[in-house]
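For reference, the structure is listed below as structure tokens.
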Amino acid sequence: MNTRIYAHAADLKGFSVKNCPSMPAPSGALMCAPDFYDISEIRNPYMAAGIGRVDKATARQQWEAVRAAFASLGKPVRLIDAAAGFEDMVFASAQTFTGLTTRMERVCMLSQMCHPARQGEVPLFERWFRQEGYQIVRLKDAAFRFEGMGDCLWHPGKRLLWGAHGFRSDPEVYEHVAQAFETPVVLLKLVNERFFYLDTCFCPLTPEAVLIYPPAFDPDSLELILRMFPIVLAADEREVSSKLPCCAGVVDSTAIIQKGAVTAARHIQAIGMKILEVDTSEFLKSGASVCGLRMHLY
């Protein structure tokens, strides 16, 4: 069982995606309705312009459209109850990280959030996953930070994780992540604060293809990505911040992506995938799109 951390291209000698065992796709998604969604403080560069400017009725409509999009692609959506006082709980990708062990055991690793305003969300998600029978795993060291699927993503169809550090998660946590999910982790460093989460600048599309925004990564990380993916699509600089196309949700051969991300959509279609456009403009105000609104279920 390989639980190694790959932080440099030189580490990859003898290792490739093809050699990684297969990994079942998620069976569904967990989402949280935007009942209490708002922007009352700045927690990332996108939020400054959105304070007090959330259109809650529109946010609800957009959230329902994302939910319907996943369901239409055969991924039923389960719901966790929204809780008063947690305006970011709608972004259900950050509080936990889920997956399967090599023995097909369902695991939920709990996040350790950076911002105090979000830390109270984690016990609510813990309770939900515990009731569903997931094995609950806590980080070994409370001093480190980890923000779930915001910074940690499965390689499509493979027992391989991509983990980021730089702004919200610490590199030290990935040894525990690798052990908990019995999988190797490719470690990437984020260097641009506008791309504070991995899911804002890195979207695995297929086992061979990924959509990225290259300036979000340090040189070692870019080299790792180029070595591991035969097809690397570059997001357009003009739309990468305004549309967050890398924060798409991928289901099989379809990418659910922000409406108007024209260049990214064209790139994705060029490799034979389908596009399903949705409008997440109210959530873009918080620096998130489709990927940030759901957690994988198994």
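The values are calculated or read from the model by the stated rules, or taken from the named source; none is laboratory data. Quantities reported herein were computed from a predicted structural model and do not represent experimental measurements. Cβ atoms come from the backbone with ideal geometry, glycine included; neighbour counts cover every protein chain shown.
Brief remarks on what is shown
- Condition check for Lys140: of a type outside the set (Ser, Thr, Tyr) and modelled with pLDDT under 95: yes
- Within the range 13-41, considering residues that are part of a helix (DSSP H, G or I) and either among the charged types (D, E, K, R) or buried (at least 16 other Cβ atoms within 10 Å of the Cβ) (or both), the one modelled with the highest pLDDT: Val17
- Counting only strands (runs of 3 or more DSSP E) wholly contained in the range 168-272, the ones carrying 1 or more residues that are of a type outside the set (A, V, I, L, M, F, W, C) occupy 185-189, 202-204, 249-251, 254-258.
- Pick from the range 268-285, criterion under 21 Å from Ala59 (Cα atoms) and not polar (S, T, N, Q), ranking: surrounded by the fewest Cβ atoms within 10 Å (Cβ to Cβ): Glu277
- Top-ranked residue in the range 92-106 [being assigned to a loop (DSSP other than H, G, I, E, B) and of a type outside the set (Asp, Glu); ranked as nearest to Arg127 (Cα to Cα)]: Gln95
- When Met89, Met149, Met109 are checked against the criterion of being assigned to a strand (DSSP E or B) and either acidic (Asp, Glu) or buried (at least 20 other Cβ atoms within 10 Å of the Cβ) (or both), a single residue qualifies: Met109.
- With respect to (1) free of Cβ contacts under 8 Å to residues at least 24 places away in the same chain; (2) closer than 22 Å to Pro24 by Cα; (3) buried (at least 21 other Cβ atoms within 10 Å of the Cβ), the lone exception for Ala265 is condition (2).
- Note on the range 3-31: residues that are touching a residue at least 12 places away in the same chain (Cβ under 8 Å) and basic (Lys, Arg) total 1.
- Subset of the range 252-298 [among the β-branched types (Val, Ile, Thr) and closer than 26 Å to Asp35 by Cα]: Ile256, Ile257, Val278, Thr280, Val290
- Qualifying position, being over 23 Å from Gly50 (Cβ atoms) and either at pLDDT 95 or above or buried (at least 21 other Cβ atoms within 10 Å of the Cβ) (or both), among Asp199, Asp218: Asp218
- Cross-chain or 6+ apart pairs with Cβ under 9 Å, the range 33-52 first and under 15 Å from Leu284 (Cβ atoms), then of a type in the set (S, T, N, Q) and at pLDDT below 95: Pro45/Ser241; Tyr46/Ser241
- Residue in the range 174-196 that is polar (S, T, N, Q), within 30 Å of Pro76 (Cβ to Cβ) and touching a Leu at 6+ places or on another chain (Cβ under 6 Å) present: yes
- Residues that are buried (at least 23 other Cβ atoms within 10 Å of the Cβ), assigned to a loop (DSSP other than H, G, I, E, B), touching a Pro at 6+ places or on another chain (Cβ under 7 Å) and in contact (Cβ under 8 Å) with a residue 24 or more places away in the chain do occur in the range 154-163, at least one of them.
- Filter pass, Glu87 being touching a helix residue (DSSP H, G or I) at 6+ places or on another chain (Cβ under 9 Å) and either modelled with pLDDT under 95 or among the acidic types (Asp, Glu) (or both): yes
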